[in-house]
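Have a look at the structure below, then the notes.
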Amino acid sequence: MTALENVAVPLELAGVPGAFSLAEAELAAVGLKERVTHYPSELSGGEQQRVALARALAPRPDVLIADEPTGNLDEATGRQIADLLFAKTAERGATLVLVTHDPSLAQRCARTIRMRSGRIETSEPVSA
């Protein structure tokens with residue numbers, strides 16, 4: 001599917017009116033206005049992650065869960081995706097639950113919970 005279809009089809013299946021218009025707006029919001037007709041093979045890894053972010057944000061969730069959103073990206077692209085993720089969830093008043101092995105990304109969160117072997121090791125707010 002194209003980037004536009006990738007974001008719109010789940011909305012359409014959920015019965016959201018104007019799914020394609022909403023999808024187009026979400027793609028524009030993550031900087032992909034000019035790439036809506038492109039297929040995944042025509043997009044960079046960072047662009048593919050932005051499509052996934054647009055798809056996740058489109059239904060306006062109260063909670064967004066991101067599992068290693070920067071794991072397969074180079075440092076600069078990962079930073080851009082993280083910035084976008086934090087900005088868009090804050091802009092919409094959504095709670096972001098982020099799973100990461102990257103300590104610098106974890107430090108950006110309001111609270112961290114460290115797990116080891118499936119058990120909570122520590123739970124603490126990040127100091128200001």
**Message:** Per residue, how large is the accessible surface of the range 10-77? Use a 1.4 angstrom probe and give square angstrom.
**Reply:** 59
**Message:** Could you derive backbone 3J(HN,Hα) for the range 73-85 from the dihedral phi with the Karplus parameters 6.51, -1.76 and 1.60 (θ = phi - 60°), listing whole Hz in sequence and x where the residue is Gly or Pro?
**Reply:** 10, 5, 4, 5, 5, x, 5, 4, 5, 4, 4, 5, 4
**Message:** Just to be sure I understand: if I project the alpha-carbon convex hull of the chain onto a plane and average over all orientations, what area do I get in nm²?
**Reply:** 8.9
**Complete:** Per the rule of 0.36 nm per residue minus the C-alpha distance, extending Ser117 to His38 adds in nm 24.4 nm
**Request:** Give the angle, between 0 and 90 degrees and rounded to the nearest 10, that separates the Cα long axis of helix 45-57 from the longest principal axis of the Cα atoms of the chain.
**Result:** 90
**Request:** Any chance you could run the full-extension gain for Glu91 through Glu12? It's 0.36 nm times the residue separation minus the Cα-Cα distance, nm to one decimal.
**Result:** 26.0 nm
**Prompt:** Amide H to amide H under 5 Å from Val97: which residues, 5+ apart in sequence or cross-chain, H placed 1.01 Å off N in plane?
**Reply:** Leu64, Ile65, Ala66
**Fill in**
The percentage of the accessible area of the chain (probe 1.4 Å, all protein chains present) made up of carbon and sulfur atoms, to the nearest whole number, is 51
**Asked** With a sphere of radius 11 Å drawn around the Cβ of Gly78, what net charge do the other residues whose Cβ falls strictly inside it have (Lys, Arg +1; Asp, Glu -1)?
**Response** -4
**Complete:** When the chain is treated as a Gaussian network with springs between alpha carbons less than 10 Å apart, the largest mean-square fluctuation among Glu26, Glu47, Glu75 is found at Glu75
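The values are calculated or read from the model by the stated rules, or taken from the named source; none is laboratory data. On a predicted model such as this, the values are computed, not experimentally measured, just so you know. Positions of Cβ are backbone-derived with ideal geometry, glycine not excepted, and every protein chain shown enters the neighbour counts. For accessibility, only protein heavy atoms count, side chains too; no ligands or nucleic acids. Shrake-Rupley method; radii C 1.70, N 1.55, O 1.52, S 1.80 Å.
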